[in-house]
Amino acid sequence: MSNKAISNKFFELFGVQHDVEACGPLFTDDAAIYWNSADHPMNIDAYKQVGYGFLAGIPDMHVEILDQIEEGDRVASRLLWTGTHTGVLNGIP
């Protein structure tokens, strides 16, 4: 599976189906995931907690892939995330 296909699968599983656990196999065991609010790389278990937090705060979250570029082993995606903030998200009610 190409990196672009893996990226698309992630956005489908998380941003459309809200299946955080199904995203795990898309990452290698030694994946280092960088998130703008984390001061260090996360492993997949920590990243899943971020996913659950977003779904708790925005339960109707949805993602649409607007553009994607794959070059070598890198994928850049332009996305449209939508949803209604109805729960606590990062401490914001």
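The residue of segment 8-36 that is farthest from residue 76 (Cα to Cα), among those that are open to solvent by less than 20 Å² (accessible area, probe 1.4 Å) and among the small types (Gly, Ala, Ser), is 24.
Matching residues to (1) over 19 Å from residue 22 (Cβ atoms); (2) open to solvent by 80 Å² or more (accessible area, probe 1.4 Å); (3) within 13 Å of the chain's Cα centre (by Cα); (4) in contact (Cβ under 8 Å) with a residue 24 or more places away in the chain:
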| position | (1), (2), (3), (4) |
| --- | --- |
| 46 | no, no, yes, no |
| 50 | no, no, yes, no |
| 54 | no, no, yes, yes |
| 63 | no, no, yes, yes |
| 74 | yes, yes, no, yes |
| 90 | yes, yes, no, yes |
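The values are calculated or read from the model by the stated rules, or taken from the named source; none is laboratory data. Predicted, not measured: the structure shown is a model, and the values here were computed from it. Reconstructed Cβ throughout: ideal geometry from the backbone, glycine too, with neighbour counts over all protein chains shown. What goes into the accessible areas is simple: the full protein's heavy atoms, side chains included, and nothing from ligands, DNA or RNA. Shrake-Rupley method; radii C 1.70, N 1.55, O 1.52, S 1.80 Å.
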